[in-house]
Amino acid sequence: MTNDRVTIAVADAIANVTLNRPDKLNALDGEMFTALSEASAALAKRDDVRVVVVSGSGRGFCAGIDLASLGGDPSFGALHDRSYGIANVFQNAAWGWRSLPVPVIAAIHGVAFGGGLQIALGADIRIVAPDAKLAVMEARWGLIPDMAGIALLRGLVRDDVARELTYTARQFSGAEAVELGLATRVADDPHGAAMALAAQIAAHSPRAVSGAKRLFGLSRDADADARLRAESREQQRLLTGPDLPETIAAHAEKRAPRFAD
């Protein structure tokens, strides 16, 4: 799948999603927001994808909002439209990755500012170049993170850290992002590391991995009873499904398991 703003290439059960506006550091305009939401929606319907890797083409992951389009695009006034379930099109550019039934890995190099960082926050895992530059940039322009940014931040870092980053709009490195808990780990080649990790995940039972993502996706406000019951439902589904006997057989036969999508 390819369009002017986002490309998707699927091979070996991994969807390689690339923000494709390198001349603008993959800055977000109306077309990019729509393309990102359409990309996650399209991937959600596929049964041949077990892991998604999101990266940016050119010199950076994403420089954030395209200020040139901010005032002239009428779609920027449609914030109350819930066109993607609980999210509007701008929120879904980030939240869509969190909503996918399969793991998403963001590979971050160069810059991830404002909306670009929020897109990365929607991923399950973030691999970042140590010298990458990140920022919750919106306060610099008199705005707030409105692509699900605060909802995603609050699940990753301490509340006071999230507030400091949001109130100041300061830049921080990929290495500091790991220290703060905002990124998973650093790599000199984030995309290569993300693809290697994706292959590792894709080799496991897709039903088990998706079940684990659903459990991690439960609200932090869910009580213990809801969490334990959800865990039991997921495990019962796996115990009676096709992946467990295939895993056992593959182990006994000293081969890689062959899972049906």
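Condition check for Arg229 on (1) basic (Lys, Arg); (2) surrounded by 15 or more Cβ atoms within 10 Å (Cβ to Cβ); (3) farther than 24 Å from Trp97 by Cα: one failure, at (2).
Residues that are out of contact with any strand residue (DSSP E or B) (no Cβ under 8 Å at 6 or more places or on another chain) and either under 29 Å from Arg5 (Cα atoms) or among the basic types (Lys, Arg) (or both) do occur in segment 163-177, at least one of them.
For residues in segment 116-150 being over 13 Å from the mean Cα position of the chain (by Cα) and basic (Lys, Arg), which is modelled with the highest pLDDT? That would be Lys133. Scanning segment 59-92 for residues that are of a type outside the set (Phe, Trp, Tyr) and under 30 Å from Ser205 (Cβ atoms), we see that the one that is modelled with the highest pLDDT is Asn92. Of all residues in segment 37-72, those being open to solvent by less than 30 Å² (accessible area, probe 1.4 Å) and under 17 Å from the mean Cα position of the chain (by Cα) number 16.
Being in contact (Cβ under 8 Å) with a residue 12 or more places away in the chain, among the hydroxyl-bearing types (Ser, Thr, Tyr) and surrounded by fewer than 17 Cβ atoms within 10 Å (Cβ to Cβ) holds for only one residue in Thr184, Thr168, and it is Thr168. Within segment 151-180, being modelled with pLDDT under 95 and of a type in the set (Gly, Ala, Ser) holds for Ala151, Gly155.
The values are calculated or read from the model by the stated rules, or taken from the named source; none is laboratory data. All of these numbers come straight from a predicted model, not from anything done at the bench. Please note: Cβ atoms are built from the backbone with ideal geometry, for glycine as well, and neighbour counts cover all protein chains shown. Remember, those area values only see protein heavy atoms, side chains included, never the ligands or the DNA or RNA. Shrake-Rupley method; radii C 1.70, N 1.55, O 1.52, S 1.80 Å.
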